Amino acid sequence: MNLQQIKELDKKHFMGVFGERFSVLFEDAKGVSLFDKEGKEYIDFLAGIAVNCLGYGDEGYAQVIAKQASSIMHISNYFYNETQAKLAELLCSLTGMQKIFLANSGAEANEGAIKLARKHFFKKGENRKKIITLSQSFHGRTLATLAATGQEKFHVPFYPLIESFEYVEANNVDALIKAVDENTCAVMMEVIQGEGGVTPLTQEFVEMINTTCRKNGALIIVDEIQTGMGRTGKFLASQHYNLKPDIITLAKALGNGVPCGCILAAESVCDAFDPGDHGSTFGGNHIACAAAYYTVNKVINDGLIERCGELGEYFKNKLLEIKNKYPFVLDVRGAGLMLGMELDEKVSAKAIQKELLSRGFVICSAGRNTMRFLPPYIIETKHIDMLTQEIDKIFSEL
Ligand SMILES: *Cc1c(COP(=O)(O)O)cnc(C)c1O
């Protein structure tokens with residue numbers, strides 16, 4: 001089938017939630033490169049939206065999955081699972097958490113985190129319902145995580161949402177102090193907002209979240225679905241802030257492409273769920289655990305977290321050089337290999353994204369008008385040079 005035929009089938013039979021997709025059909029990939037049907041190469045600075053941390057075609061990963069697929073893919077959570085137990089221990093030790101629950105996606109991990117927080121207070125006999133999240137946040141597409149998402153445009157067609165979410169402007173310390181009280185169940189946040197435009201929280205704001213939550217006995221939930229797994233130069237982005245959350249969620253890069261998410265909980269909250277309170281048919285099955293266990297070990301053992309930090313620094317400096325040349329570049333933000341370049345409204349980030357794609361680079365956009373870069377951790381300086389030179393060229397031609 002050619003791309004035109006695929007487009008027609010898609011238009012006819014696939015729900016139109018993704019609108020007009022990019023007009024390219026990737027058929028193969030290796031390392032950080034994607035290839036279309038004609039063999040044209042594209043350097044990947046998207047990584048399947050922060051998922052493919054090991055890039056494409058990692059041999060050990062392929063072997064682990066093939067081996068697992070030839071025996072048990074799935075057997076249900078009625079039974080013990082050795083890799084699941086080992087993955088649980090590994091992720092708890094890397095995050096300082098006590099217990100884990102494995103889910104299939106980011107939204108599902110956050111949904112579970114919200115349930116866990118509510119159950120924690122239910123069990124204590126405290127009627128705390130209010131969960132505070134931040135404006136421009138993104139926490140998922142299920143009804144509860146949609147309610148958690150502080151962007152009205154996602155809410156409007158789906159009312160009524162789950163009640164008791166309240167939104168505070170990110171980095172507004174006074175608004176935060178006003179919002180958190182003795183009825184607050186939790187404050188939930190991304191410490192670097194991804195979909196919202198690669199916006200880091202300030203150290204002061206995060207410290208105030210910590211102070212007000214501790215003072216009022218509210219839980220801290222950090223959504224590390226995009227920021228976690230080493231991408232920002234530490235295993236968790238909250239570690240840059242010295243923040244010790246009660247609940248952490250991970251997903252995206254956890255399985256390097258095999259769907260996998262998790263809720264991690266500190267000792268004080270990790271036993272809130274009782275048998276029957278939560279569950280999942282697929283969550284933490286053999287294939288997902290094999291993929292995640294390999295991926296996490298590889299990220300640690302190959303020094304990829306440090307690599308994200310160092311290459312991120314290099315990349316950010318290159319982007320800052322561009323910012324200094326072009327007044328329509330408003331800001332360069334982010335940490336490690338999660339970077340954003342915000343443009344003023346005269347230049348459309350989406351149009352630049354499209355132009356870059358035609359020139360063999362895959363990036364994405366986020367927030368109001370921000371170019372977003374989320375490459376695989378195995379990206380090299382030469383690829384960063386190629387991309388930033390191309391951006392410079394496009395900007396100089398505007
Ligand atoms: C992607 C994302 C989610 C949702 O994850 P899905 O796997 O798409 O459900 C939630 N929170 C953050 C911060 C994300 O980046």
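The values are calculated or read from the model by the stated rules, or taken from the named source; none is laboratory data. Since the structure is predicted, the reported quantities are computational estimates derived from the model, not experimental observations. All Cβ positions, glycine included, derive from the backbone under ideal geometry; neighbour counts span all protein chains shown. In case anyone asks, the SASA skips ligands and DNA or RNA and just uses the protein heavy atoms, side chains included. Shrake-Rupley method; radii C 1.70, N 1.55, O 1.52, S 1.80 Å.
Tell me, yes or no, whether the stretch 370-380 has at least one residue that is in a helix (DSSP H, G or I) and either closer than 25 Å to Gly57 by Cβ or in contact (Cβ under 8 Å) with a residue 60 or more places away in the chain (or both). Scanning the stretch 370-380, I find no residue that is in a helix (DSSP H, G or I) and either closer than 25 Å to Gly57 by Cβ or in contact (Cβ under 8 Å) with a residue 60 or more places away in the chain (or both), so the answer is no. None of Ala170, Ala179, Ala175 is within 15 Å of the ligand (Cβ to nearest atom) and of a type in the set (A, V, I, L, M) except Ala170. Quick check: anything in the stretch 300-321 open to solvent by 10 Å² or more (accessible area, probe 1.4 Å), closer than 24 Å to Phe45 by Cβ, more than 16 Å from the ligand (Cβ to nearest atom) and in a loop (DSSP other than H, G, I, E, B)? Yes.
Restricted to the stretch 234-247, and to residues there that are among the polar types (S, T, N, Q) and out of contact with any strand residue (DSSP E or B) (no Cβ under 9 Å at 6 or more places or on another chain), the residue that is nearest to the ligand (Cβ to nearest atom) is Gln239.
Counting only residues that are within 11 Å of the ligand (Cβ to nearest atom), acidic (Asp, Glu) and surrounded by fewer than 24 Cβ atoms within 10 Å (Cβ to Cβ), the stretch 190-233 holds 1 of them. When the stretch 139-159 is filtered for residues that are open to solvent by 20 Å² or more (accessible area, probe 1.4 Å) and either in contact with a helix residue (DSSP H, G or I) (Cβ under 8 Å, 6 or more places away or on another chain) or part of a helix (DSSP H, G or I) (or both), the ones remaining, listed by number, are Arg141, Thr142, Leu143, Glu152, Lys153, Phe154, Val156, Pro157, Phe158.
To keep it simple, each residue is scored yes or no on (1) under 22 Å from Ile287 (Cα atoms); (2) at pLDDT below 95; (3) not hydroxyl-bearing (Ser, Thr, Tyr).
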| site | (1), (2), (3) |
| --- | --- |
| Thr199 | no, no, no |
| Val206 | no, no, yes |
| Asn216 | no, no, yes |
| Met229 | yes, no, yes |
| Val258 | yes, no, yes |
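For the stretch 258-283, the set of residues classified as within 16 Å of the ligand (Cβ to nearest atom) and open to solvent by less than 50 Å² (accessible area, probe 1.4 Å) consists of Val258, Cys260, Gly261, Cys262, Ile263, Leu264, Ser280, Gly283, listed by residue number. Ala290 passes all but one of (1) among the small types (Gly, Ala, Ser); (2) more than 16 Å from the ligand (Cβ to nearest atom); (3) not in a helix (DSSP H, G or I); which number fails? Just one mismatch for Ala290, condition (3). Residues of the stretch 233-278 that are in a loop (DSSP other than H, G, I, E, B) and among the charged types (D, E, K, R): Lys234, Lys244, Asp246, Glu267, Asp271, Asp274, Asp277.
Selection within the stretch 312-348: residues that are closer than 16 Å to Ala237 by Cβ and among the hydrophobic types (A, V, I, L, M, F, W, C). The member of this set that is nearest to the chain's Cα centre (by Cα) is Met338.
Cβ separations smaller than 9 Å between residues 6+ apart or across chains give the following pairs from the stretch 251-271 residues that are over 8 Å from Val51 (Cα atoms) to residues that are within 12 Å of the ligand (Cβ to nearest atom) and basic (Lys, Arg): Gly261/Lys252. Put simply, of Leu356, Leu343, Leu320 the only residue that is free of Cβ contacts under 8 Å to residues at least 40 places away in the same chain, over 20 Å from Thr199 (Cβ atoms) and hydrophobic (A, V, I, L, M, F, W, C) is Leu356.
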